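All remarks here apply to the structure that follows.
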Amino acid sequence: ASTKDILAAAIRSIPDYPKPGIIFRDITTLLGDAAAFRLAVDELVKPYEGMGVDKIAGMEARGFILGGAMAHQLSAGFVPIRKKGKLPYRTVSMAYALEYGTDEMEIHVDAVKPGEKVILCDDLIATGGTAVGAVKLLRQIGAEVVSACFVIDLPDLGGRKNLEALGVEVRTLAE
Ligand code: 5GP
């Protein structure tokens, strides 16, 4: 089977979560499957090996799990982008549109040094609202956002185009 098929088979679909009519793609089953988790992380890091990536920025919360593993494998640092009120030091914040509402995300002002090469990581891209907000935050503190990567793309929701419109390369493993 192809990588895409193996990963897709490891993801569980939950109908009507978090509200009626939404099918939630649950990656906890992928994370709990040792072979699938390794495959996902290996495939996520592959295009970035040898590029001199300084940091992986992960979105709370599932982006922490995948992004932390990526950072270790690339010998890069890890930067958490968190929901409002969770980071202890000085932050910059950004309101963003979610698939199911709006929220605010934050990053520490000194999380990235100007010009550092950063890759954004999350489990899934839908409308791209979360990732677009994250790219803006990272750029605001001086990061060079090289690329953004996700295990799952929901292509009908247009997230890839929204990120590409900001000049960010998008890489995804399954649809
Ligand atoms: P977007 O901002 O692209 O519309 O939504 C993506 C964000 O919402 C990501 O942070 C992602 O973790 C979360 N998300 C939205 N829908 C799903 C889903 O079906 N499954 C998972 N695992 N995350 C989702």
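Side notes on the structure shown:
- Computed with a 1.4 Å probe on the full set of protein chains, the accessible area for S75 sits at about 110 Å².
- For the residue pairs K46/K86; K83/K117; K55/K83, alpha carbon separations beyond 21 Å are given by K46/K86; K83/K117.
- Here the sum of -39500 (n - 2.57) over DSSP H runs of 4 or more residues, divided by the residues of the chain, equals -9000 deg cm²/dmol at 222 nm, to the nearest 500.
- In sequence order, the range 102-108 has phi-based couplings of 10, 7, 10, 10, 9, 9, 5 Hz under the Karplus curve 6.51 cos²θ - 1.76 cosθ + 1.60, θ = phi - 60°, and Gly or Pro positions carry x.
- The chain: C-alpha gyration tensor shape, a/c 1.5 cut-off, then a/b vs b/c: oblate
- Antiparallel DSSP beta bridges within the chain, percent to nearest 5: 40
- Stretch gain in nm, segment E175-A35, where the contour uses 0.36 nm per residue and the Cα spacing is subtracted: 48.5 nm
- Amide hydrogen neighbours beyond the local backbone of F24, cut-off 5 Å, H modeled: I14, D16, Y17
- If both residues of a DSSP beta bridge must be in the range 1-84, then about 45% of such bridges are antiparallel.
- Spatial separation of Cα centroids for the range 113-175 and the range 8-84, in angstrom: 13
- The loop-placed GluC sites (Glu not before Pro) in the range 22-64, going by DSSP, that have at most 13 neighbouring Cβ atoms within 10 Å of their Cβ come out as E49.
The values are calculated or read from the model by the stated rules, or taken from the named source; none is laboratory data. Just so you know, these numbers come straight off a predicted model, no measurement behind them. Cβ sites come from the backbone with ideal geometry, for glycine too, and all protein chains shown count toward neighbours. Keep in mind that these areas ignore ligands, DNA and RNA; they rest on the heavy atoms of the full protein, side chains included. Shrake-Rupley method; radii C 1.70, N 1.55, O 1.52, S 1.80 Å.
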